[in-house]
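Readers should treat all values here as calculations from the given coordinates under stated rules, not as data from a laboratory. Remember, predicted model here, so these are calculated numbers, not experimental data. Cβ atoms come from the backbone with ideal geometry, glycine included; neighbour counts cover every protein chain shown.
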Amino acid sequence: MKLVLDPGYNKLATTLARDFETVKTSFKRFSDGELYFRVEDSVEDENVATLLSGYPNQDSAIVKATLLSSTLKDHGAKQVVTIFPYFPYARQDKRFLEGEPISAKYVAKTLYESGTDFLLTIDVHDAHAFNSFGNRFINLKTYSVWAEHLRTHVDQDFFLVSPDEGRATFVENLAKEINCEFISLSKQRNLQTGEVEGIEVKNRKKLERLEETCEAAVLSDDIISTGGTASEAMRKVKEIFKGHLIAAFTHGIFLPGAIANLLRVGAHTILTTDTIDTSFSDVSVAPLIANRLKKM
Ligand code: R5P
């Protein structure tokens, strides 16, 4: 497997480039802003994976991915794996209101039609939208990298917190892998405005018990965008739990104000993976991607 690296990536691309041969490419923008690239090495009869940054500039990331897939196939690549560690448009994964697109599904369909054989992503918001693509859609879960990081870097006894129902299964599975306790919250969002309207601890008795036995709480979510979900969830947890607060996210979008929101509610530590380059990207998904590519 050879790799094409998106110049939009730093940390993750550098780490993966140690394990794979890379295809020489050059990227630039025409003066009107349109994308230009050239694949400078032969890809004839090669399996090629393209590593693409899905944020920021989601729209152009999708154009870049489709042009790359088509170009690689036109130049004889055997199989093309498009890797979007953060999958753009993944949150619009169903028609919440009549007239809306199922953006996640349509983006995937466009990529397959452009020559992508396999689409690989990490902790996608909800994999249901991609069910129709069967095993051509690979959603790697970050259990092992989070478990390893939290076990080795958190000295205190800790429990996990799921901020909403959508994350509850992930958090439960991660808690099993780490062998720690967890609690779940329930969240209501206004579908018109997107605002978080209410968040509640489902089992307050359990949280009261954890307040006595644990020194730290690790809130785990797939995405931080405005920080509304995470800060509201932590505010709720803090009503009972007075210990150390760690906020851990797979994909760190961090819109303006998000970090301030977390700090205001008392987050002591912020962590993300490197699916999006952030200054908190201390947890690398490179081993997950490398292991999967080596099996293809
Ligand atoms: C939504 O349900 C996701 O799992 C995240 O909780 C959400 O995308 C985070 O967004 P924000 O930081 O804007 O609340």
| note | Correct response: the longest run of the chain lacking exposed chymotrypsin sites (Phe, Trp or Tyr not before Pro), defined by DSSP loop and at most 15 other Cβ within 10 Å, is 97-296
| query | What residue among E148, E98, E195 has the largest mean-square fluctuation in a Gaussian network model of the chain, using Cα springs under 10 Å? | reply | E98
| query | Label S279 and K28 with points 7 Å out from Cα along Cα→Cβ: what is the distance between them in nm? | reply | 3.3
| query | For K206, K236, K176, what's the fewest-to-most ordering of other Cβ within 10 Å of each Cβ? | reply | K176, K206, K236
| message | Over the chain, with a Gaussian network built from C-alpha contacts below 10 Å, which listed residue (R189, R235, R151) shows the highest mean-square fluctuation? | response | R189
| said: I need the calculated FRET efficiency for the pair N190 and N57, taking r as the beta carbon distance and R₀ as 25 Å, to the nearest 0.05. | reply: 0.35
| Using alpha-carbon positions, what is the distance between the centroids of the range 218-289 and the range 1-59, in Å? | 28
| Among the DSSP beta bridges whose two residues both lie in the chain, what percent are antiparallel, rounded to the nearest 5? | 20
| message | Can you pull out the GluC sites (Glu not before Pro) in the range 210-240 whose DSSP state is coil and whose Cβ has at most 16 other Cβ atoms within 10 Å? | response | E215, E239
| task | Excluding residues on the same chain fewer than 8 positions from K176, give the aspartates and glutamates whose Cα lies under 14 Å from its Cα. | result | E148
| said: Which residues among the range 239-269 fall inside the zone where the amide N is under 14 Å from a point 7 Å beyond the Cα of E211, along Cα→Cβ? | reply: 239-244
| message | On C-alpha positions alone, give me the angle between the axis of helix 204-213 and the longest principal axis of the chain, in degrees, nearest 10. | response | 90
| request: Obtain the nm distance between the two label points defined at K202 and R151 by a simple spin-label model: each point lies 7 Å from its Cα along the Cα-to-C-beta direction. | output: 2.6
| remark: Simple spin-label estimate for L35/I102, 7 Å along Cα→Cβ, in nm, reads 2.5
| In Å, descending, principal axis extents of the Cα set of the range 1-150 | 44, 42, 30
| said: What is the angle, in °, between the Cα long axis of helix 103-113 and the longest principal axis of the Cα atoms in the chain? Nearest 10 is fine, range 0 to 90. | reply: 30
| remark: Among K94/K236; K2/K295; K94/K141, the pairs whose Cα-Cα distance exceeds 23 Å are K94/K236
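Please go through the residue pairs K24/K78; K11/K78; K73/K294; K11/K105 and name each one whose alpha carbons sit more than 25 Å apart in this structure.
The pairs that break the limit, which is 25 Å between Cα atoms, are K11/K78; K11/K105.
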| In what order do I62, I276 fall by count of nearby beta-carbon atoms within 10 Å, going from fewest to most? | I62, I276
| query | Which of D277, D155, D164 moves the most in a Gaussian network model of the chain with Cα springs under 10 Å? | reply | D155
